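Presented below is the structure to which this report refers.
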Amino acid sequence: MKIVVTDQDGKKHELEGLDGWQAMEIIRDFGLPIKAECGGSCCCATCMVHVDEKWLDKLVPPSPDETDMLADQLDSKDNSRLSCQIIMNEDLDGLEVTLAQSAKP
């Protein structure tokens, strides 16, 4: 499966995704510029991405904790999600996200 990630400079990267992995883990392991300071425990929001609108309905809705974390981010948008809370599966093959400026190390 694939995940298409646009970095903060506008460059697109097609990454090989793994079923059951967090999108954040895939992005980080491919060496793209993402902080992900808490390592995926939904407590820092440094892995925020903006999800392409056509994919929003395919994602599990955000938890209250994720919603609270997103609300505190200056560059949060209606399509913002924490990439550590997006668990890849076959339904998300081709998922398109853009790394938030606040996620840049």
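Rule-based calculations on the coordinates, nothing more; no lab input. Since we're looking at a predicted model, the values are computed, not measured. For neighbour counting, all protein chains shown are included, and Cβ atoms are generated from backbone atoms with ideal geometry for every residue, glycine included.
Which pairs do you get when a residue that is touching a residue at least 24 places away in the same chain (Cβ under 8 Å) and among the acidic types (Asp, Glu), found in the range 87-105, comes within reach of a residue that is assigned to a helix (DSSP H, G or I) and buried (at least 16 other Cβ atoms within 10 Å of the Cβ), reach meaning Cβ atoms under 6 angstrom, with the pair 6+ apart or on two chains?
Close Cβ pairs satisfying both conditions: none exist.
Residues checked against (1) in contact (Cβ under 8 Å) with a residue 24 or more places away in the chain; (2) exposed (fewer than 15 other Cβ atoms within 10 Å of the Cβ):
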| position | (1), (2) |
| --- | --- |
| Met24 | yes, no |
| Gly31 | no, yes |
| Val49 | yes, no |
| Leu70 | yes, no |
| Leu74 | yes, yes |
| Asp78 | no, yes |
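May I ask you to verify whether Glu37 is more than 11 Å from the chain's Cα centre (by Cα) and either within 15 Å of Met69 (Cα to Cα) or surrounded by 20 or more Cβ atoms within 10 Å (Cβ to Cβ) (or both)?
yes
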